[in-house]
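Chemist: Right, I'll just put the structure down here and ask away after.
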Amino acid sequence: MGRTRIAIIGLGMAVEPHAKSLIDLGDRLEVVCGYSRTEARRAAFAGKYRLPVSGNLDAIFTDPSIDAMMILTPPNSHGELVARAAGAGKHILLEKPLDVSTAHAETLVDAAERAGVKLGVVLQHRFRPAAEALAGLLAQNRLGEMIGVSARLYNWRPQSYYDAPGRGTRARDGGGVLLTQGIHTLDLLLSLTGLPDEVFAYATTSPIHRMETEDMVAGVLRYPGGAMGTVSATTCAFPGFPDRIDIICTRGTAVLDGPTLTAKFHDGTEFETADGGPGGGAGADPMAFPHDHHRAVLADFLDAIEADREPRASGREALKAHDFIDALLHSAETGAAVTVKRRGAA
């Protein structure tokens, strides 16, 4: 099988880790072009990464030699672009979140599945080596039965971040801290623990920010079998701290603190591993992190195309995080516990 030919749609703030990943995996893929409506962005991208660019979106969609598209545009543009890519038979690697609402997200996931193309989502926290090590401990039942969990996202974003046009609005982004920042940590949590049955949450916009959507959320969870949990997410925690997931089980406790995993077992043994670099991205510069985990997402996407399987972070998998976030926000709006939606197989 030859190299996968990829086009990049969107050359804004999110493009850097993707561009570096594409270059790293150049033996497996060929970048046909990077597209932006803005000439200045095309010029900056071409100058920095020495990759070809195009200002003709229609020509990209109709080019039969392009196998896949990496869509890095704002969430409110995803539905149209995914529909066009799927209709043209292109595989799709899509920046999170899927779309501005779960209803729109369902539509684009269905469109990709009907077209028989792969839809991967950039939820790179699943691919952190420490997170994969924790998934391994759970799969091997080293920790025993889960009885308690917690997930914490303490980010910092200054007001200047939300002053960018459309940022933090329902129309462009679909939500606030949960859908834009917290989705990474929540998706990782769900991949490790599964969906809870029920949530109860509070959400607010703090005095720190002027924005339409929430910048602080606190919730409690109840899992099948009786395990309990908490989630806390904010962009108000100056200067920003590593995200953290704790899983308490009958044989031990595991703490995933940014890039470091520590597990302590009742039999006196311990396990510790680290990714070997900073987690980053929690502070005022949301792009201050290494691109290793983005490269792993891209490598898995290429593997999925070559092996004709689903990407690990597929569109249908990503819907679980959208359902979880919907339940948290609906609980905050109604002041009542909310049952989390569970979906059948595609």
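The values are calculated or read from the model by the stated rules, or taken from the named source; none is laboratory data. Since we're looking at a predicted model, the values are computed, not measured. Cβ sites come from the backbone with ideal geometry, for glycine too, and all protein chains shown count toward neighbours.
Chemist: Tell me yes or no: at least one residue of segment 72-80 is within 19 Å of H18 (Cβ to Cβ), at pLDDT 95 or above and surrounded by fewer than 17 Cβ atoms within 10 Å (Cβ to Cβ). Talk me through it step by step, then tell me what you get.
Modeler: Quick first cut of segment 72-80, residues within 19 Å of H18 (Cβ to Cβ) only: 72-75, 77-78.
Add one more test, that the residue is at pLDDT 95 or above, and what stays is 72-75, 77-78.
Right, trim to surrounded by fewer than 17 Cβ atoms within 10 Å (Cβ to Cβ) and you get 77.
Among the residues of segment 72-80, at least one is within 19 Å of H18 (Cβ to Cβ), at pLDDT 95 or above and surrounded by fewer than 17 Cβ atoms within 10 Å (Cβ to Cβ), which makes the answer yes.
Chemist: Which numbered condition trips up A313, out of (1) in contact with a Lys or Arg (Cβ under 9 Å, 6 or more places away or on another chain); (2) within 16 Å of Q124 (Cβ to Cβ); (3) without any contact (Cβ under 8 Å) to a residue 60 or more places away in the chain?
Modeler: (3)
Chemist: What's the number of the condition L186 fails, among (1) touching a Pro at 6+ places or on another chain (Cβ under 7 Å); (2) crowded, with 22+ Cβ neighbours inside 10 Å?
Modeler: Result: L186 passes all but (1).
Chemist: Answer yes if at least one residue in segment 3-13 is out of contact with any strand residue (DSSP E or B) (no Cβ under 6 Å at 6 or more places or on another chain), aliphatic (A, V, I, L, M) and surrounded by 20 or more Cβ atoms within 10 Å (Cβ to Cβ), and no otherwise. Let's see the steps before the verdict.
Modeler: Of the residues in segment 3-13, the ones out of contact with any strand residue (DSSP E or B) (no Cβ under 6 Å at 6 or more places or on another chain) are 10, 12-13.
Applying the additional criterion that residues be aliphatic (A, V, I, L, M) yields 13.
Imposing the further condition that a residue be surrounded by 20 or more Cβ atoms within 10 Å (Cβ to Cβ) reduces the set to none.
No: segment 3-13 contains no residue that is out of contact with any strand residue (DSSP E or B) (no Cβ under 6 Å at 6 or more places or on another chain), aliphatic (A, V, I, L, M) and surrounded by 20 or more Cβ atoms within 10 Å (Cβ to Cβ).
Chemist: So which residues in segment 36-66 are of a type outside the set (F, W, Y) and crowded, with 20+ Cβ neighbours inside 10 Å, if there are any at all?
Modeler: Those that are of a type outside the set (F, W, Y) and crowded, with 20+ Cβ neighbours inside 10 Å: S36, V53, I60, I66.
Chemist: Does at least one position in segment 226-240 carry a residue that is free of Cβ contacts under 8 Å to residues at least 60 places away in the same chain and in the same structural domain as G176 (by TED's automatic domain parsing)? Let's see the steps before the verdict.
Modeler: Kept after step one, since they are free of Cβ contacts under 8 Å to residues at least 60 places away in the same chain, are these residues of segment 226-240: none.
The answer is no; no qualifying residue exists.
Chemist: When the residues of segment 1-52 are filtered to those that are in a helix (DSSP H, G or I) and hydroxyl-bearing (S, T, Y), which remaining residue is farthest from E306 (Cα to Cα)? Quick ask: steps written out before the conclusion?
Modeler: Here is the first cut: in segment 1-52, the residues in a helix (DSSP H, G or I) are 15-24, 39-49.
Right, trim to hydroxyl-bearing (S, T, Y) and you get 21, 49.
Working: S21: 18, Y49: 26 Å.
Checked segment 1-52; the qualifying residue farthest from E306 (Cα to Cα) is Y49.
Chemist: Looking at (1) surrounded by fewer than 23 Cβ atoms within 10 Å (Cβ to Cβ); (2) part of a helix (DSSP H, G or I), which is the only condition M211 fails?
Modeler: The number of the failed condition is (2).
Here is a yes/no grid of residues against (1) over 20 Å from T4 (Cα atoms); (2) in contact (Cβ under 8 Å) with a residue 60 or more places away in the chain; (3) among the basic types (K, R):
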{"site": "L22", "(1), (2), (3)": "no, yes, no"}
{"site": "L25", "(1), (2), (3)": "no, yes, no"}
{"site": "A43", "(1), (2), (3)": "yes, no, no"}
{"site": "S54", "(1), (2), (3)": "no, no, no"}
{"site": "G89", "(1), (2), (3)": "no, no, no"}
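Chemist: Consider G225 carefully, then state whether it is within 22 Å of R142 (Cα to Cα) and in contact with a Gly (Cβ under 8 Å, 6 or more places away or on another chain).
Modeler: Numbers: within 22 Å of R142 (Cα to Cα): yes; in contact with a Gly (Cβ under 8 Å, 6 or more places away or on another chain): no.
The answer is no for G225.
Quick grid of which residues meet (1) at pLDDT 95 or above; (2) in contact with a helix residue (DSSP H, G or I) (Cβ under 7 Å, 6 or more places away or on another chain); (3) over 23 Å from M287 (Cα atoms):
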{"position": "T213", "(1), (2), (3)": "yes, no, no"}
{"position": "L221", "(1), (2), (3)": "yes, no, yes"}
{"position": "A233", "(1), (2), (3)": "yes, yes, no"}
{"position": "C236", "(1), (2), (3)": "yes, no, no"}
{"position": "T250", "(1), (2), (3)": "yes, no, yes"}
{"position": "A254", "(1), (2), (3)": "yes, yes, yes"}
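Chemist: Follow-up question, since we're still on this one. With segment 242-346 as the region, which strands (runs of 3 or more DSSP E) entirely inside it contain at least 3 residues that are surrounded by 21 or more Cβ atoms within 10 Å (Cβ to Cβ)? Show your work before the answer.
Modeler: On the way: elements: 244-249, 252-257, 260-265, 270-274.
Passing ranges, in order: 244-249.
Chemist: Would you point out the residue of segment 145-167, among those that are charged (D, E, K, R) and within 20 Å of the chain's Cα centre (by Cα), that is surrounded by the fewest Cβ atoms within 10 Å (Cβ to Cβ)? Let's see the steps before the verdict.
Modeler: Initially, segment 145-167 is screened for residues charged (D, E, K, R), giving 145, 152, 157, 163, 167.
Filter again for within 20 Å of the chain's Cα centre (by Cα), leaving 152, 157, 167.
Working: R152: 19, R157: 27, R167: 17.
That would be R167.
Chemist: Would you point out which residue out of R114, R172 is in a loop (DSSP other than H, G, I, E, B) and among the basic types (K, R)?
Modeler: R172
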